[in-house]
Amino acid sequence: MSTFESSIREIPYAQTVVYNMLSNLSNLEKIKDKIPADKLEQFSFDADSICIKANPVGEIKLRIIDREEPKCIKFEAEQSPVPFNFWIQLLPVTATSSKMKLTIKAELNPFIKGMVKKPLTEGIEKLADLLQYIQYE
């Protein structure tokens, strides 16, 4: 099992506010215009799942499999070139700020890991950037 983690990010919103927005994927409607169009061909979601078609990996569908309010949201890949799990961890810092870390765990053989390590590491950091700077209220 290979693990890829984002750096820890501070978010200027309370843990529960961030959790409430991210645990319902329908809230992605508020931020979908911030996703670079050249990176995604298709982007659809409902309250519990998200489906993206990204270059060059193809279509990936994730479903929320566990919500641990207000600290963790766990996803599982339902459709992906490689099986993986993804989760968002949230911790309170103050009453009005929190910290976030993103983690991907994937079943990768050594050859594939060598090919995807850099793009996955860069991708998880870009996603962390996006989630750090969106408006949660």
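The table that follows gives values for the structure above.
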read-out: Mean residue ellipticity (222 nm) of the chain, computed from DSSP H runs ≥ 4 via -39,500 (n - 2.57), nearest 500; value: -7500 deg cm²/dmol
read-out: Between helix 110-133 and the chain: long-axis angle, C-alpha atoms, 0 to 90°, nearest 10; value: 20 degrees
read-out: Alpha-carbon Rg with Dmax, taken over region 6-137, Å; value: 14.6, 45
read-out: Per residue solvent-accessible surface (Å²) - the chain, probe of 1.4 Å; value: 58 Å²
read-out: Percent of C-alpha pairs per 10 Å bin, region 86-126, short to long; value: 24, 40, 23, 11, 2
read-out: Check: region 6-108 dipole with +1 on Lys, Arg Cβ and -1 on Asp, Glu Cβ, in debye; value: 320 debye
read-out: Carbon/sulfur fraction of accessible area - the chain, other protein chains in place, 1.4 Å, %; value: 54 percent
read-out: For region 64-112, alpha-carbon Rg and Dmax in angstrom; value: 13.8, 45
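The values are calculated or read from the model by the stated rules, or taken from the named source; none is laboratory data. Keep in mind that this is a model prediction, so the values were computed, not measured. We place every Cβ from the backbone using ideal geometry, glycine too, and count neighbours over all the protein chains shown. Each accessible area value is taken on the protein alone, full model and side chains, heavy atoms only, with ligands, DNA and RNA left out. Shrake-Rupley method; radii C 1.70, N 1.55, O 1.52, S 1.80 Å.
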